[in-house]
Amino acid sequence: MMATLAIDKAIAKVPFLAHSKNLKKIPLSGGITNLNFKIEADGRAYVLRLAGEGTDQLGIKRDVEHMANKVAGELGVAPEIVYFIEPEGYIVTRFVNGKRIMPEDIVKPDYLARIAKKLRVFHRRAPKLNNEFNVFKRVAMLTKISKENNSKFPDDWDWIMQKMNEAKTALEKAPYTPTPCHNDLLNLNWLEEEVAGEIGEIRLLDWEYAGMGDIFFDLANFSHHHRLNEEQIEDFLYEYFGEVTDKYYARLRLMWPMSELHEAMWGTTQTGISKLEEDFQGYADLWFGRFRQHVTDFRWEQWLKDVAKKK
């Protein structure tokens, strides 16, 4: 009921939708914290995204999301924005007639090459965004909110923090250049646009965590969401940098569990603040498990050393 009310109010604020005589609203699945609707009006289709309640507690800035999505649309990386509804921070984009790129396909060499190049375009060409995305600061912020909301922490939390600090100290030996990043590269955020008789463009959705960050967070975030194996990691790094060095490989490998820890803390925070009927605790537990697996890899000590190499 609330969603219907909100969507009607939102439509009323968009001039070219408000005056449409034949408008259709179709809910789209896939999002957890936001609601997305396909809007058909006067022979055109759009996506209207209603920002979820309480998402500001997750450090989401809607004006930054709008800016990042707008720029990404202009660069051919995201569906173009056609309207921004203020002060609610709702976004209207062109509806992409596309299909999901299945997890088993997106890891194939051709897709990895195309994904790496899409990320490069945004990393290289997007202007500075008015938001910082530093995984260590984000984990600290989410930890604080989780504690304030009595969320449950794992029994080995002190050890988890110890491993995180090992990675942080190692990565600080070769500080990153803050770069515009997406920071949420899960499978559902990638679409392949369907164009008659041609291979369509890959489009990247959902820019709410965009900010100035470390490109290796984006690369690691994509890698862990798609469970890349050794060969795929090499392909991905090569397509992005044109070479695979010990340093690049180690940076990716240290950021990988940091990104999983961020995912786990997102779930932990949601157990305390969300009113949605989702198993956020199960989600958090899953990612803590993957974090443990990667920070106990037999090569961990080697990666801690390799990030400081010249190459």
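The values are calculated or read from the model by the stated rules, or taken from the named source; none is laboratory data. In this text, all values refer to a predicted model and were calculated from it rather than measured experimentally. FYI the Cβ positions are ideal-geometry reconstructions off the backbone, even for glycines, and counts take in every protein chain you see.
Only one of 207, 256 is free of Cβ contacts under 8 Å to residues at least 40 places away in the same chain, crowded, with 21+ Cβ neighbours inside 10 Å and not assigned by TED's automatic domain parsing to the domain that holds residue 92. Can you tell me which?
Values: 207 fails: free of Cβ contacts under 8 Å to residues at least 40 places away in the same chain.
When all the criteria are applied, what remains is 256.
The rows are residues; the columns are (1) within 25 Å of residue 51 (Cβ to Cβ); (2) more than 19 Å from the chain's Cα centre (by Cα).
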site: 250; (1), (2): no, yes
site: 258; (1), (2): no, no
site: 268; (1), (2): yes, no
site: 271; (1), (2): yes, yes
site: 283; (1), (2): yes, no
site: 294; (1), (2): no, yes
site: 304; (1), (2): no, yes
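For residue 25, are the conditions met, namely being in contact with a helix residue (DSSP H, G or I) (Cβ under 7 Å, 6 or more places away or on another chain), modelled with pLDDT under 95 and either in a loop (DSSP other than H, G, I, E, B) or not β-branched (Val, Ile, Thr) (or both)? So that I can check it myself, show each step before the final result.
Details: in contact with a helix residue (DSSP H, G or I) (Cβ under 7 Å, 6 or more places away or on another chain): yes; modelled with pLDDT under 95: yes; either in a loop (DSSP other than H, G, I, E, B) or not β-branched (Val, Ile, Thr) (or both): yes.
For residue 25, the condition - in contact with a helix residue (DSSP H, G or I) (Cβ under 7 Å, 6 or more places away or on another chain), modelled with pLDDT under 95 and either in a loop (DSSP other than H, G, I, E, B) or not β-branched (Val, Ile, Thr) (or both) - is met.
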Residues to consider are 222, 216; find the one that is in a helix (DSSP H, G or I), touching a residue at least 60 places away in the same chain (Cβ under 8 Å) and crowded, with 22+ Cβ neighbours inside 10 Å.
222
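Taking segment 230-285 as the search range and keeping residues that are among the small types (Gly, Ala, Ser) and not in a helix (DSSP H, G or I), which one is modelled with the highest pLDDT? Step through it out loud before you land on a result.
Start the filter on segment 230-285 by keeping residues that are among the small types (Gly, Ala, Ser), which leaves 242, 250, 259, 264, 267, 272, 274, 282, 284.
Restricting the remaining residues to those that are not in a helix (DSSP H, G or I) gives 242, 274.
On the way: 242: 98, 274: 86.
Applying the filter and picking the extreme gives 242.
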Please specify each residue of segment 134-144 satisfying the condition of being β-branched (Val, Ile, Thr) and either modelled with pLDDT under 95 or touching an Asp or Glu at 6+ places or on another chain (Cβ under 8 Å) (or both).
135
For segment 58-105, what are the residues that are assigned to a loop (DSSP other than H, G, I, E, B) and under 21 Å from residue 222 (Cα atoms)?
59, 60, 75, 76, 77, 78, 79, 101, 102
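Tell me which residues, restricted to segment 292-311, are more than 12 Å from residue 254 (Cβ to Cβ) and surrounded by 13 or more Cβ atoms within 10 Å (Cβ to Cβ).
From segment 292-311, those more than 12 Å from residue 254 (Cβ to Cβ) are 292-293, 296, 298, 309-311; that's our starting set.
292, 309 - these are the residues of segment 292-311 that are more than 12 Å from residue 254 (Cβ to Cβ) and surrounded by 13 or more Cβ atoms within 10 Å (Cβ to Cβ).
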Residue pairs within 6 Å by beta carbon, gap of at least six or interchain, first lying in segment 171-197 and of a type in the set (Phe, Trp, Tyr), second surrounded by 19 or more Cβ atoms within 10 Å (Cβ to Cβ), listed first then second, are 176/214; 190/101
Residue 174, sole failed condition from (1) at pLDDT 95 or above; (2) surrounded by fewer than 16 Cβ atoms within 10 Å (Cβ to Cβ); (3) out of contact with any Gly (no Cβ under 9 Å at 6 or more places or on another chain); (4) not in a helix (DSSP H, G or I):
(1)
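In segment 108-133, what residues are in a loop (DSSP other than H, G, I, E, B) and crowded, with 17+ Cβ neighbours inside 10 Å? Write out each step before concluding.
Of the residues in segment 108-133, the ones in a loop (DSSP other than H, G, I, E, B) are 108, 126-131, 133.
Correct list: 126, 129, 131, 133.
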